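Chemist: Provided herewith is a single structure, encoded as structure tokens, for subsequent inquiry.
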């Protein structure tokens, strides 16, 4: 019956497009072991993690009772007594039965007393049913043992059951009949549970491990390419998702951890990563319908709300991949030309000019004019470091000053660097994540060609978004560059003694981890080292490092309107920084963050309390005769 | 219905305009070119008509970057695309191209010619009336809605003070489009890539047929008068200066 109830899922997975997820078995197993054996992600929420671990371990111990229950009647004479069924196993069962009830008690306390917001939208009946079934199964198990003890069996390994036997004895129930009733109640509840599982979120008991095993082992920053055998760039039917994407849907436990960390959800936009998955899951379970996937099961507004910050995927205990699904469905929308006016403007500008602002390419390097020294053209002479500057750092007047500051720091450290001038194009990171795969390919190819003309050792980027595209996405075209963020290069220069700072007696600052530097590419420490090296005291916000909260600009959101936003993620974040108390500066390491958070501080009217500074603005080189910028201003371009 | 759409490439207004050496034109060598926005709407109107009543659409593009724009037009649904060869670095004069547009319309058996109502190089909107006159077809400019209506069209024209007028027009006709019935659609990079294989036809410029009645003597860029002040581009300073100026002139109080 269980199999029959699962038949839709089995056939959906069997007919789904293929995807290679069978390599590196040891690494895959190791992930399963830490995720399940150590409950690594589960324990990030201590109460939920502990109670789940209790129920999880108790389940395995009590499974021995299930074997006994079925074995003893199906095969007369079957018993675990030979391996200790009446001694130590009985003792464990007795103990873990109580522990299981404690676990369920904690779960009840969490779900009905604490009521965390992340459960909003989860199935309440699924949760209630499992509590009742567990209590039935465990209760009947205990009482059956108690009745057996009442009937004369040895209870020395079962203290709890013995105690219950005493109670039963005092009430005066007949031992034989009670044992029989409890047995059938036990077996009946187990069978009911088994039949119930395939239609419930408790499928995860079977699917969590395979879903974690078959997780994506590619670099986090590489968005999945469009499979060659797919007809259109996007996905508009559930059946077009590969089997792992479909397995994700079935594995969801509705724990809502993704929803709790989602900046779009917090902003009041119509996106909950959890409901995204469960809505698609329900559509998969319901089978073919007239409702289209994109714009039907999942609304367009839901898809465009995502900032691609990856917090949901980082948090998911069963390794569900939300982003590839969102990007694939966005690809369908873009292919059909269904984009918002803001996004259309940006994408049209990018198509025409290679930048989202609609500025001429020839103005890309204009920021260099106000430098006191010339910047090398990497296309015409070899350089050590090829600096990929990026759109915002090149064109936005609010960021250009920081760009010049970075140039001055590089110059002070004696770094041999150059830029691509008007040959640079937008890296395409957010273009790709907005679902514009064709334009991404055009931009990437153009940059790869331009970079290919240059002689250099390493690439440095200002923008974490460019960093991610060049380092991870461009591998799709066979381009493997050594790419690092400017914070990493500057930290390295300080370490090597090439950049000598004049540390100040700085105040307390906090630091915002950009999604594409931190969560995507693990760049957590270099920015912090730089802040300390500059002489400031770092006070991290509660949501930092992997748990950083997105500014709201990523994945093409910066090109779209704020319609429907109740609280901008950037303002939510500034409030978090303000709650730390006496913080002087809100330090950032991404050009978009400078723009986003300066606007957020103005909108909140707290410019007198907090100022946004880029890390480069904190760093002051020690003036020496050798490294002083040359006075002779050379006009370039 | 056979529709001919005219797509003119004009200098990108975000670029810096400089005079040519002879002082009679703009130095076009260092400029980026983009599709005239009104022509983009004309193209969209043509595609909407095609989708509404099954027309064939021929797009003719003129100027630097014509091929790129024609690929875009093909990706959006144009059936045939033609690049009109003009002299490099010459302004696209409506007088000069009207005869060729009219000839192409005849050659393609077009019964509707659509172009933008104006362009930065034709601010008086002369192309549509020129073509209408040469073909001896009726013409309406400043349209913001064009719908198929039996054998003809129902055309809405925008007038002053928000007044709109609707015509029933017989074909053939020439329309100067101000805005399309719907905003121009986005065409994805993958569709553009597919359309890059579309063969692009060539056409050469025909003699204009108009007698030259006047010549440009001098072109002048706007000069900075004494009444303006450049506040620079640093947002904070600009804001401070603006507040100070407004306060000094009694227009605001701090």
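Chemist: Taking Cα centroids, how far is the stretch A:160-233 from the stretch B:1-80 in Å?
Modeler: Taking the Cα centre of the stretch B:1-80 as reference, the centre of the stretch A:160-233 is 63 Å away.
Chemist: Additional query: How many partner chain Cβ atoms sit within 10 Å of a residue's Cβ in peptide A:436-447, on average, as a whole number?
Modeler: 3
Chemist: Of the DSSP beta bridges with both residues in chain B, give the percent that are antiparallel, rounding to the nearest 5.
Modeler: Approximately 40 percent, going by the DSSP bridge assignments.
Chemist: If a/c stays under 1.5 just call it rounded; otherwise compare a/b with b/c (prolate if a/b is bigger, oblate if not). Do that for the stretch A:214-335, with a ≥ b ≥ c from the square roots of the Cα gyration tensor eigenvalues.
Modeler: rounded
Chemist: To the nearest 0.05, how large is the calculated FRET efficiency for residue B:93 and residue B:244 if R₀ is 51 Å and r is the Cβ-Cβ distance?
Modeler: With R0 = 51 Å, the Cβ-Cβ based efficiency is 0.65.
Chemist: Determine, for A:130, A:137, the number of other Cβ atoms within 10 Å of each Cβ, and report the residues in order from fewest to most.
Modeler: A:130, A:137
Chemist: Continuing with this model, one more query. Taking Cα atoms, how many degrees apart are the long axis of helix A:569-578 and the longest axis of chain A, rounded to 10 and kept between 0 and 90?
Modeler: 90
Chemist: Residues of the stretch A:239-265 with the amide nitrogen closer than 11 Å to a label point 7 Å from the Cα of residue A:6, along Cα-to-Cβ, please.
Modeler: none
Chemist: Hey, another quick one. Mind giving me the FRET efficiency for residue B:85 and residue A:218? R0 is 41 Å, r the Cβ-Cβ distance, nearest 0.05 is fine.
Modeler: Computed FRET efficiency for residue B:85 and residue A:218 comes out at 0.25.
Chemist: Just subtract the alpha-carbon distance of residue A:79 and residue A:125 from 0.36 nm times their residue separation and send over the number in nm, one decimal.
Modeler: Residue separation times 0.36 nm, minus the Cα-Cα distance, leaves 12.9 nm.
Chemist: Using alpha-carbon positions, what is the distance between the centroids of the stretch A:333-399 and the stretch A:434-458, in Å?
Modeler: 13
Chemist: If you rank A:395, A:597 by fewest surrounding Cβ atoms within 10 Å, what's the result?
Modeler: Least to most surrounded, the residues fall as A:395, A:597.
Chemist: How big is the C-alpha Rg of the stretch A:135-266 next to the rule-of-thumb value 2.2 N^0.38 Å, as a ratio?
Modeler: 1.76
Chemist: The stretch A:583-608 to the stretch A:39-102: how many Å between their Cα centroids?
Modeler: Answer, in whole Å: 53.
Chemist: Can I ask one more? With each pseudo-label sitting 7 Å past Cα toward Cβ, what's the residue A:366-residue A:540 distance in nm, one decimal?
Modeler: 4.1
Chemist: Please give the helix A:88-108 orientation as an angle from the longest Cα principal axis of chain A, in degrees from 0 to 90, rounded to the nearest 10.
Modeler: 60
Chemist: Averaged over its residues, how many other protein chain Cβ atoms are within 10 Å of peptide A:347-353's Cβ atoms?
Modeler: Mean partner shielding for this stretch: 5.
Chemist: Continuing with the same structure: Using the eigenvalues of the Cα gyration tensor, what equivalent ellipsoid semi-axes result for the stretch B:130-254 when each is taken as the square root of five times the eigenvalue, whole Å, largest first?
Modeler: Over the Cα atoms of the stretch B:130-254, the ellipsoid semi-axes are 44, 25, 24 Å.
Chemist: On a 0 to 90° scale, report how tilted helix B:235-248 is relative to the longest principal axis of chain B, with both axes built from alpha carbons and the result rounded to the nearest 10.
Modeler: The angle comes out at about 70 degrees.
Chemist: Starting from 0 in steps of 5 Å, tell me what percent of the Cα-Cα pairs of the stretch A:264-307 lands in each bin.
Modeler: 6, 23, 31, 21, 13, 6, 1
Chemist: Of A:312, A:182, B:115, A:252, how do they rank once you tally other Cβ atoms within 10 Å and put the fewest first?
Modeler: The order, fewest Cβ neighbours first, is A:182, A:252, A:312, B:115.
Chemist: At a Förster distance of 45 Å, what's the computed FRET efficiency of residue A:584 paired with residue A:95, Cβ-Cβ distance as r, to 0.05?
Modeler: 0.25
Chemist: On full extension of the chain, what length is gained from residue A:446 through residue A:40, given 0.36 nm per residue of separation minus the C-alpha to C-alpha distance?
Modeler: 141.9 nm
Chemist: Let me know the shape class of the stretch A:344-618, please: from the alpha-carbon gyration tensor, a ≥ b ≥ c as square roots of the eigenvalues, rounded when a/c is under 1.5, otherwise prolate if a/b is greater than b/c, or oblate.
Modeler: Oblate, because a/c is 1.5 or more while a/b does not exceed b/c.
Chemist: Continuing with this model, one more query. When every alpha-carbon pair in the stretch A:206-264 is counted, what percent end up more than 18 Å apart?
Modeler: The answer is 53 percent, as a whole percent.
Chemist: Shifting gears a bit: Assuming a ≥ b ≥ c are the square roots of the Cα gyration tensor eigenvalues, decide whether the stretch B:188-250 counts as rounded (a/c under 1.5), prolate (otherwise, with a/b larger than b/c) or oblate.
Modeler: Judged from the Cα gyration tensor, the stretch B:188-250 comes out oblate (a/c at least 1.5, b/c at or above a/b).
Chemist: Counting pairs of alpha carbon atoms under 8 Å apart in space and at least six apart in sequence, what relative contact order in percent does the stretch A:214-335 give?
Modeler: 37
Chemist: Give me the inter-chain shielding for A:331-339: mean count of other chain Cβ atoms within 10 Å, whole number please.
Modeler: If you average over the peptide's residues, the count of other-chain Cβ atoms is 4.
Values quoted throughout were computed directly from the atomic coordinates according to the rules given, and no laboratory measurement underlies them. Keep in mind that what you see is a predicted model, and the values were worked out from it rather than measured. Don't worry about glycine lacking a Cβ; one is built from the backbone with ideal geometry, like all the others, and counts go over all protein chains shown.
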